[in-house]
């Protein structure tokens, strides 16, 4: 084998190695991109984790609790029911997410009187509230009509909650999803 043949063989081997490396790199990039798209799709359209911040849902949820949120059902016309815990964009501060409980449903009249919530003139039994917790109006307004595709949302801590008593019923369009379960802390794991 002369020097010329040796150089040609060396170039072929180097090109083959370079091509193998590029093929492996391309496979890695495709795999990473596919995983990224799947995770992105799951997070933004199917389920997400949300951390609780604030005291508006005390004693049900506390600051630092992490919830798994169902985001897909709302895209398929989910009708939320009384007692569901939802995550939504604040109607007054859209950059903030709130966690509240569905209390009033579309087409209902909600009234607050004597420390209780009334739905269509019947007192609502709220067994999820702390014993002794009363619901007071936060302004002169004490009654609301919940329009079509709207919900009346209240925090479980009625003393420290910025909720529908302040900004009225909330359109379903503001909803991010529904709390499925608390996943952290592990000793407080609970489904909703």
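The values are calculated or read from the model by the stated rules, or taken from the named source; none is laboratory data. Not measured: the values here are computed from a predicted model. Every residue, glycine among them, receives a Cβ derived from its backbone with ideal geometry; neighbour counts consider all protein chains shown.
Some values worked out for this structure:
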| item | result |
| --- | --- |
| Residue in region 162-169 that is without any contact (Cβ under 8 Å) to a residue 24 or more places away in the chain and either more than 20 Å from residue 66 (Cβ to Cβ) or exposed (fewer than 12 other Cβ atoms within 10 Å of the Cβ) (or both) present | no |
| Any hit, region 137-153, residues being in a loop (DSSP other than H, G, I, E, B), in contact with a helix residue (DSSP H, G or I) (Cβ under 8 Å, 6 or more places away or on another chain), under 30 Å from residue 45 (Cα atoms) and touching a residue at least 24 places away in the same chain (Cβ under 8 Å) | yes |
| Qualifying positions in region 65-101 - part of a strand (DSSP E or B) and free of Cβ contacts under 8 Å to residues at least 40 places away in the same chain | none |
| Of all residues making up region 98-118, the number that are surrounded by 17 or more Cβ atoms within 10 Å (Cβ to Cβ) and within 26 Å of the chain's Cα centre (by Cα) | 11 |
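Each row is one residue, and each column tells you yes or no for (1) at pLDDT below 90; (2) more than 16 Å from residue 92 (Cβ to Cβ).
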{"site": "136", "(1), (2)": "yes, yes"}
{"site": "141", "(1), (2)": "yes, no"}
{"site": "147", "(1), (2)": "no, yes"}
{"site": "153", "(1), (2)": "no, no"}
{"site": "189", "(1), (2)": "yes, yes"}
{"site": "192", "(1), (2)": "yes, yes"}
